[in-house]
């Protein structure tokens with residue numbers, strides 16, 4: 001099954017592929033060799049789900065995107081106070097290669113401009129140059145979740161043309177920001193910028209920051225979590241250089257760009273974005289990369305300052321119809337079919353505030369179940385709110401499943417009225433053909449069960465009045481025993497909607513349903529009333545009266561015209577006196593039926609633990 005998230009990214013990729021603005025960087029000769037049409041997008045969630053389209057596997061050099069990651073390693077190696085003493089955190093308002101130093105101290109204004117990045121590289125521990133390089137490569141590899149290496153050709157090209165950066169290095173040495181020969185540190189800076197990555201790597205690295213420094217795919221900690229806030233803070237204020245203010249205003253995510261065409265953006269706690277497209281604007285940022293991030297922020301409501309409180313994800317619980325069924329009491333044949341095939345019905349309970357990032361977890365869970373489900377119940381019963389993005393995402397998921405022959409139904413639609421509006425706006429009068437809603441999970445499950453049973457060849461019996469021999473309660477009875485038992489019964493009829501049993505009534509009889517359907521309810525008003533079960537012909541109800549003789553605990557009403565055979569407690573006691581063998585058979589069959597119900601209840605309880 002195609003994920004609707006992938007479909008959205010493909011559409012966005014297609015929309016922006018025609019952008020031809022900007023130029024490939026040429027001041028480093030090797031960068032000028034990039035194909036200006038390369039274009040990849042990768043979104044990785046904090047739970048490790050990867051969505052990628054386009055040229056996401058083409059290697060390029062990380063360039064200035066390396067700066068926040070080296071800054072994090074420097075913080076880990078030295079602690080916050082020692083790093084702050086060497087590199088500030090104030091925006092410069094200048095270009096990336098500006099020489100922005102405090103006039104008195106010579107301290108670079110922030111670690112995102114070249115001066116600050118060179119100073120930060122000088123703080124990486126390891127003694128000799130090769131050890132410091134290994135420290136950076138190892139750290140970056142943990143962020144990316146795979147072994148990374150340096151593009152030696154690009155490194156040589158940077159080193160040969162990096163005269164301005166060498167000048168910055170010597171100025172830093174003049175102010176004792178660098179305390180030894182600056183050339184090895186400047187070379188280390190060239191090497192960190194020349195680490196080869198892919199667009200997918202950038203997405204994973206960004207998601208690692210979103211996940212408080214833990215790689216969401218490998219689970220390995222790339223940087224201590226307490227330093228991630230410092231990294232994201234300088235990315236927010238300084239990551240896009242002299243365009244950082246407009247960026248945080250429009251896009252609202254900490255970000256960093258590189259002159260090879262890469263861009264990363266981070267929505268803390270939720271996801272990371274990696275984009276690669278070599279054409280740059282006048283600020284040195286990828287033209288398509290900027291547009292992708294703007295579109296993702298606006299269309300998916302990702303702005304950092306427009307957040308509601310959320311949990312880790314929207315999925316509260318997932319279970320299938322093989323373990324939890326509707327309250328419709330089924331025949332043995334139906335029970336056997338549902339036990340074998342009920343797992344084709346999947347229920348996803350959603351919770352909390354539904355946004356793109358939280359709802360993505362539900363979409364991913366459904367796509368993981370795609371091959372094994374035919375019917376999906378989406379339960380909104382624990383949802384607090386839903387925004388346009390989440391509603392559209394669930395709409396697209398529904399269309400994708402329906403196109404593959406799956407059936408989607410929704411329960412508790414009153415919690416999310418926006419969903420109905422989205423379906424009606426998109427489909428008009430046909431919305432009701434796709435947006436199937438039920439007041440709660442019980443009728444939604446029953447609807448799916450009925451469809452599944454028909455699909456698996458079950459033919460509902462032709463409506464008729466059940467004879468005594470057709471009741472499971474009387475399995476194993478001989479013809480003579482049936483005749484004797486029949487003499488103990490009284491026949492009664494009830495009209496549709498009539499109460500057969502009321503909660504609190506004295507328990508005085510067992511009912512054998514010969515024709516029609518009845519339902520069991522608890523709750524005295526509309527807000528508390530809930531169906532416990534629905535019985536069909538051939539089934540019994542009120543049987544607990546034969547055992548505990550306590551007042552009725554629920555109300556039972558006729559769903560249609562109903563015919564019953566009734567065994568009173570007095571007749572039951574007389575059977576024990578005159579025909580004890582018949583009474584024993586009744587109790588044995590009754591015990592088996594109650595045992596099946598208990599096992600079913602235990603299985604369902606285990607699902608909700």
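The values are calculated or read from the model by the stated rules, or taken from the named source; none is laboratory data. Just so it is clear, the structure is predicted and the values come from calculations on it, not from any experiment. A quick note on method: Cβ atoms are made from the backbone with ideal geometry, for glycine too, and the neighbour counts reach across all protein chains shown.
Before moving on, here are some points about what is shown:
- Near pairs, Cβ below 7 angstrom, 6+ apart or cross-chain, from the stretch 443-455 (free of Cβ contacts under 8 Å to residues at least 40 places away in the same chain) to any residue that is buried (at least 18 other Cβ atoms within 10 Å of the Cβ) and not in a helix (DSSP H, G or I): 447/409; 447/438
- Residue pairs whose Cβ atoms lie under 6 Å apart, separated by 6 or more positions or on different chains, with the first residue in the stretch 61-75 and free of Cβ contacts under 8 Å to residues at least 40 places away in the same chain and assigned by TED's automatic domain parsing to the domain that holds residue 194 and the second surrounded by 24 or more Cβ atoms within 10 Å (Cβ to Cβ) and outside any loop (DSSP other than H, G, I, E, B), do not occur.
- Exactly one residue out of 516, 523, 538, 487 is surrounded by fewer than 16 Cβ atoms within 10 Å (Cβ to Cβ) and at pLDDT 90 or above: that is 487.
- Considering 442, 450, 433, the condition of being surrounded by fewer than 13 Cβ atoms within 10 Å (Cβ to Cβ), out of contact with any helix residue (DSSP H, G or I) (no Cβ under 7 Å at 6 or more places or on another chain) and in a helix (DSSP H, G or I) is satisfied by 433 alone.
- Yes/no for residue 598 being surrounded by 17 or more Cβ atoms within 10 Å (Cβ to Cβ) and either modelled with pLDDT under 85 or touching a helix residue (DSSP H, G or I) at 6+ places or on another chain (Cβ under 9 Å) (or both): no
- Among the residues of the stretch 142-163, those identified as buried (at least 20 other Cβ atoms within 10 Å of the Cβ), assigned to a helix (DSSP H, G or I) and out of contact with any strand residue (DSSP E or B) (no Cβ under 9 Å at 6 or more places or on another chain) are 143, 157.
- Candidate set: the stretch 223-250, residues that are closer than 18 Å to residue 287 by Cα and touching a strand residue (DSSP E or B) at 6+ places or on another chain (Cβ under 7 Å); chosen: the one modelled with the highest pLDDT: 247
- So residue 334, is it surrounded by fewer than 16 Cβ atoms within 10 Å (Cβ to Cβ), under 29 Å from residue 598 (Cβ atoms) and not assigned by TED's automatic domain parsing to the domain that holds residue 598: no
- Odd one out for residue 397, checked against (1) under 28 Å from residue 360 (Cβ atoms); (2) free of Cβ contacts under 8 Å to residues at least 60 places away in the same chain; (3) touching a helix residue (DSSP H, G or I) at 6+ places or on another chain (Cβ under 6 Å): (2)
- Of the criteria (1) at pLDDT below 95; (2) within 20 Å of residue 88 (Cβ to Cβ); (3) buried (at least 17 other Cβ atoms within 10 Å of the Cβ), which one residue 124 fails: (1)
- Residue in the stretch 561-582 that is assigned to a helix (DSSP H, G or I), within 47 Å of the chain's Cα centre (by Cα) and modelled with pLDDT under 90 present: no
- A count restricted to the stretch 552-569 and to residues that are closer than 21 Å to residue 477 by Cα and surrounded by fewer than 18 Cβ atoms within 10 Å (Cβ to Cβ) stands at 3.
- Subset of the stretch 32-60 (residues that are touching a residue at least 24 places away in the same chain (Cβ under 8 Å) and over 29 Å from residue 217 (Cβ atoms)): 36
- Residue within the stretch 167-176 that is in contact with a helix residue (DSSP H, G or I) (Cβ under 7 Å, 6 or more places away or on another chain), surrounded by 17 or more Cβ atoms within 10 Å (Cβ to Cβ) and under 30 Å from residue 46 (Cα atoms) present: no
- Selection from the stretch 511-556 of residues that are in a loop (DSSP other than H, G, I, E, B) and under 24 Å from residue 576 (Cα atoms): 538, 539, 542, 547, 548, 549, 550, 551, 552
- Residue match in the stretch 344-364 (condition: assigned to a helix (DSSP H, G or I), in contact with a strand residue (DSSP E or B) (Cβ under 7 Å, 6 or more places away or on another chain) and modelled with pLDDT of 95 or more): yes
- Taken together, the residues in the stretch 383-430 that are assigned to a loop (DSSP other than H, G, I, E, B) and buried (at least 20 other Cβ atoms within 10 Å of the Cβ) amount to 2.
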